[in-house]
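Notes for the one structure printed next.
The values are calculated or read from the model by the stated rules, or taken from the named source; none is laboratory data. Keep in mind it's a predicted model, so treat the numbers as computed, not measured. Here the Cβ positions follow ideal geometry from the backbone for every residue, glycine too, while neighbour counts run over all protein chains shown. Just so you know, the surface numbers come from the protein's heavy atoms only, side chains and all, with ligands and any DNA or RNA stripped out. Shrake-Rupley method; radii C 1.70, N 1.55, O 1.52, S 1.80 Å.
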Amino acid sequence: TPSRTATASPTVTATRQPTPTPTRTPAPLVCLPTLLKTIALNDSPKGMAASGDRVYAALSNSSRLAIIRASDDVLEGTQVGPGSVNGVAVVGDKIFTNNRNAAPLSVNQAGSGVFLQTIPVGNLPWGVGGVSDRVYVANFADNTVTTINPLVNSVLRTTSVSGLPAFVAALPNR
């Protein structure tokens, strides 16, 4: 219902602008790795994998696999391979390394590095990836990926792919 009382019209009044107050911007969060220690391997490390308290580094020029104890960053030793080692994967209690020049996949005992056997794969094997019940090898020169059963160390299949495969990664249940 309309009111019979007159309402005053608004009047313009000058209002002071607030003075800007400088505020400190917090430093951005940085999520970058921090160098803790350098371990001299005297070679060209290509691939690395870790399992438990061990880190394994593929040393391409000397055809060796470096075994590093992660708890204190001590180089425990190296295991000789049959060719230039590029990729490395650890599945269960086994280490799988490709041998780029010789074309097999080497299988070693995790922890000790003791050589167990070789498995033939495609031409110019480059990357190795593994998880639970599968190991995959990217065979660069023949555009294939070899799938290995690590429980019995045998080839399950070799699959043609395109684009000169160099690296592989494995995920559980995929």
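Each of N143, L35, A57 was scored by the projection of its Cα onto the charge dipole of the chain, and the greatest displacement toward the positive side belongs to L35; charges sit on the C-beta of Lys, Arg, Asp and Glu. Using the Cβ-Cβ distance between D133 and N101 with R0 = 30 Å, the FRET efficiency computed as 1/(1 + (r/R0)^6) comes to roughly 0.55. Here the label points at T158 and S71, each 7 Å from Cα along the C-beta direction, are separated by 4.3 nm in the simple model.
For P150, what is the net charge nearby, where nearby means another residue's Cβ is under 10 Å from its Cβ and Lys, Arg count +1, Asp, Glu -1?
Values: positive: K94, R134; negative: D93, D133.
The answer is 0.
As a rough guide to protection, the peptides 158-167, 23-32, 92-101 ranked by mean Cβ packing within 10 Å, highest first, stand as 92-101, 158-167, 23-32.
Taking 19 Å as the cut-off, no amide N atom of segment 82-118 comes nearer than this to a point 7 Å along the Cα-to-beta-carbon line of N173.
Summarised in one figure, the compactness ratio Rg/Rh of the chain, Cα atoms and Kirkwood Rh, is 1.55. Rounded to the nearest Hz, the phi-derived 3J(HN,Hα) couplings of segment 24-29 under the Karplus curve 6.51 cos²θ - 1.76 cosθ + 1.60 (θ = phi - 60°) are 7, 7, x, 5, x, 6, where x marks glycine and proline.
Charging the Cβ of each Asp and Glu at -1 and of each Lys and Arg at +1, and nothing else, the dipole of the chain about its Cα centre rounds to 760 debye.
Quick one: what do you get for segment 112-174 if you divide its Cα Rg by 2.2 N^0.38 Å? Present the calculation step by step, with values, prior to reporting the outcome.
Working: Rg = 11.6 Å, N = 63, 2.2 N^0.38 = 10.6 Å.
The reported ratio for this selection is 1.09.
For the chain, the solvent-accessible area works out to 64 Å² per residue, with a probe of 1.4 Å and every protein chain left in place.
Counting pairs of alpha carbon atoms under 8 Å apart in space and at least six apart in sequence, what relative contact order in percent does the chain give? Could you put the intermediate results ahead of the total?
Working: 392 pairs, mean separation 20.3, N = 174.
RCO, the chain: 12 percent.
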